[in-house]
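K.L.:
What follows is a structure written as structure tokens; I'll ask about it next.
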Amino acid sequence: MLSFDLQFARGGFELSTRATVGAGVTGVYGPSGSGKSTLLALLAGLLAPSRGEVRLGDRVLVDTATRRFVPTWDRHVGLVFQDGQLFPHLTVRQNLLYGHSRIATDMRRFDLAGVAGLLELTPLLDRRPTLLSGGERQRVALGRALLYSPQLLLLDEPLSSLDDRLKQQILPFLKRIKDETRIPMLYVTHAHSELDYLADRALGMERGRLLADVTD
């Protein structure tokens, strides 16, 4: 269970959001500049709110009243961007294991073989990212996030840079992640077709405000 009540201001933009979301995929949609990516950055710890709190399960990640702010590296939250952001000097195997090798053994929920098999990456493990297609790079980014054993997966328009053919290849993998790992996900997108395929519920966002839950 994820719950948050956040306020954030930067320049002329103000965000004020409050929600509680459970297991499954929660879609977040809205026009550009509405605050979707800012919300994910606040939840991941890449930005600090001006006021509010974030709770994930029984952990308090942020509470401005008590000045509690758990840093990004200690939140166990996976974040996937639209361009993957792989390390070009590392192989696929090394990219996948980047976060996995930095967490305690008893916290590891997945292993390399299982995730590589889930995302059909096994034949690509020794390649560099420059030799991968766009869809393959996004699968590696997803795999890297999973191997970090996150309690929450944040996806910031992960398919927006791909053409329709590659989107149709990646969506089934996201569905498999949802069904087989049971990790709660927040999925930001402009595409209602992606929400129709993946999301258990959807939240609209406009001018820094979350609208009512529109599906269940």
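K.L.:
Filter the range 9-21 down to the residues that are in contact (Cβ under 8 Å) with a residue 60 or more places away in the chain and touching a strand residue (DSSP E or B) at 6+ places or on another chain (Cβ under 6 Å) and list them by number. Before you say what the answer is, go through the steps one by one.
P.N.:
The initial filter retains those residues of the range 9-21 that are in contact (Cβ under 8 Å) with a residue 60 or more places away in the chain, namely 13-19, 21.
If the condition is that a residue be in contact (Cβ under 8 Å) with a residue 60 or more places away in the chain and touching a strand residue (DSSP E or B) at 6+ places or on another chain (Cβ under 6 Å), then Leu15, Ser16, Thr17, Arg18, Ala19, Val21 are the ones that fit.
K.L.:
With the condition being in contact with a Cys (Cβ under 6 Å, 6 or more places away or on another chain), surrounded by fewer than 21 Cβ atoms within 10 Å (Cβ to Cβ) and free of Cβ contacts under 8 Å to residues at least 40 places away in the same chain, I'd like the strands (runs of 3 or more DSSP E) fully within the range 22-120 carrying at least 1 qualifying residues. So that I can check it myself, show each step before the final result.
P.N.:
On the way: elements: 25-29, 51-56, 59-63, 77-80.
Output list is empty.
K.L.:
Right, something else. Give the residues of the range 121-170 that are under 19 Å from the mean Cα position of the chain (by Cα) and in a loop (DSSP other than H, G, I, E, B), sorted by residue number.
P.N.:
Once the filter is applied, which keeps residues that are under 19 Å from the mean Cα position of the chain (by Cα) and in a loop (DSSP other than H, G, I, E, B), the range 121-170 yields Tyr148, Ser149, Pro150, Gln151, Glu157, Pro158, Leu159, Ser160, Ser161, Leu162.
For (1) of a type outside the set (A, V, I, L, M); (2) in contact (Cβ under 8 Å) with a residue 40 or more places away in the chain; (3) over 21 Å from Arg75 (Cβ atoms), each residue gets a yes or a no:
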{"site": "Gly135", "(1), (2), (3)": "yes, no, yes"}
{"site": "Leu142", "(1), (2), (3)": "no, yes, no"}
{"site": "Leu147", "(1), (2), (3)": "no, yes, no"}
{"site": "Leu152", "(1), (2), (3)": "no, yes, no"}
{"site": "Glu180", "(1), (2), (3)": "yes, yes, yes"}
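K.L.:
What residue, of Arg207, Arg144, Arg201, Arg182, is in contact with a strand residue (DSSP E or B) (Cβ under 9 Å, 6 or more places away or on another chain), within 18 Å of Leu2 (Cβ to Cβ) and of a type in the set (Lys, Arg)? Steps first, please.
P.N.:
Numbers: Arg207 fails: within 18 Å of Leu2 (Cβ to Cβ); Arg144 fails: within 18 Å of Leu2 (Cβ to Cβ); Arg182 fails: in contact with a strand residue (DSSP E or B) (Cβ under 9 Å, 6 or more places away or on another chain).
The conditions single out Arg201.
Computed from the coordinates by the stated procedures, all read-outs in this text should not be read as laboratory data. Just so you know, these numbers come straight off a predicted model, no measurement behind them. Please note: Cβ atoms are built from the backbone with ideal geometry, for glycine as well, and neighbour counts cover all protein chains shown.
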